1. Which whole-angstrom value gives the distance between the alpha carbon centres of region 121-135 and region 163-181?
2. Give the accessible surface of the chain per residue, rounded to a whole number of Å², with probe radius 1.4 Å and ligands, DNA and RNA excluded.
3. Please report how many Lys pairs in the chain have alpha carbons closer than 22 angstrom, counting only residues at least 8 apart along the chain or sitting on separate chains.
4. Tell me, what % of the accessible area of region 47-121 is carbon and sulfur with a 1.4 angstrom probe?
5. Give me the distance in nm between label points sitting 7 Å out from Cα along the Cα-to-Cβ direction at Ala108 and Lys88, one decimal.
6. Give me the percent of the accessible area of region 144-199 that comes from carbon and sulfur atoms, probe 1.4 Å, all protein chains in place.
7. Give, rounded to the nearest 20 debye, the magnitude of the charge dipole that the chain has about its Cα centre when Lys and Arg contribute +1 at Cβ and Asp and Glu contribute -1 at Cβ.
8. Note down the net charge around Thr114, summing +1 for each Lys or Arg and -1 for each Asp or Glu among other residues with Cβ under 13 Å from its Cβ.
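The values are calculated or read from the model by the stated rules, or taken from the named source; none is laboratory data. Since the model is a prediction, treat every value here as computed from it, not as a measurement. Don't worry about glycine lacking a Cβ; one is built from the backbone with ideal geometry, like all the others, and counts go over all protein chains shown. Calculation scope for accessible area: heavy atoms of the full protein, side chains included, ligands and nucleic acids excluded. Shrake-Rupley method; radii C 1.70, N 1.55, O 1.52, S 1.80 Å.
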Amino acid sequence: MISRLIRRLERYDVLSDEEKQVLTSAIARFREVAADEDLVREGDRPTESIVLLDGFAARYKLLRNGRRQITALHVPGDFVDLHSYIQKKMDHGVVAMTPCRIGLVPHATLRKITDQHLHLGRLLWLHTLIDAATHREWLVAMGRRPAFNQIAHLLCELFLRLQTVGLTQDMSFELPLTQAELGDVLGLSTVHVNRIVQQLRAEELVTWRGETVTIEDWVRLQEVAEFDPTFLNLEREPR
């Protein structure tokens, strides 16, 4: 089950057999989590970090009026709160968007990894840097891109992230989020999300049936989104 995290890290640089074994043995226990259950709550001081093994999760902030803004989507192979090892107190929550399977890595184990396996520590550091780069892309999209381009950009991002961990089939991937949940991601109303999805279909950029999204014109979708995958660091090179 840890293979998706290994596959993701191997996209950045070569992992030795020893490093793969270190990652595999780092998980102290596994949990099944129901949809809408919090993995971590704002204000928590976790002693373990969570690897998402299956399902979709999201980081979020709640406003006083109860409205939610999703600030990141997590797919299998992601450490959803690796930063809690250093940050200590959580300033946001992480929720399961679908039923999820997670692995828990004690912070004491992460300390041992970063002290004794320096290359692996750098790759985990890169993991958090890519999270930050993705936040910047979302900030630009929400602040400056029209909603149509914003959704196109998100679809490009998710396709490449899921492809990295082997969860695409040709140009299709599963996106098990409702339009209301997408609205929480994009800062848009459900009505607006629905209108943009219909426009994407009408322009034959994607086919969207149930939870399955198929990209019909990858080149044009990237052009519409002004999508540059540099922030995902998908080129393998020495780190």
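1. Cα centroid of region 121-135 versus Cα centroid of region 163-181: 22 Å apart.
2. Numbers: 11680 Å² over 239 residues.
Here the residues of the chain average 49 Å² of exposed surface.
3. Qualifying lysine pairs in the chain: 5.
4. Details: 1630 of 3070 Å².
After summing per-atom areas, the C and S share lands at 53 percent.
5. In this crude label model, Ala108 to Lys88 measures out at 1.9 nm.
6. Values: 1100 of 2250 Å².
That fraction is 49 percent.
7. On the way: 30 positive and 34 negative charges, 154 e Å.
So the magnitude is around 740 debye.
8. Details: positive: Arg111, Lys112, Arg122; negative: Glu19, Asp115.
Around Thr114, the surrounding residues sum to +1.
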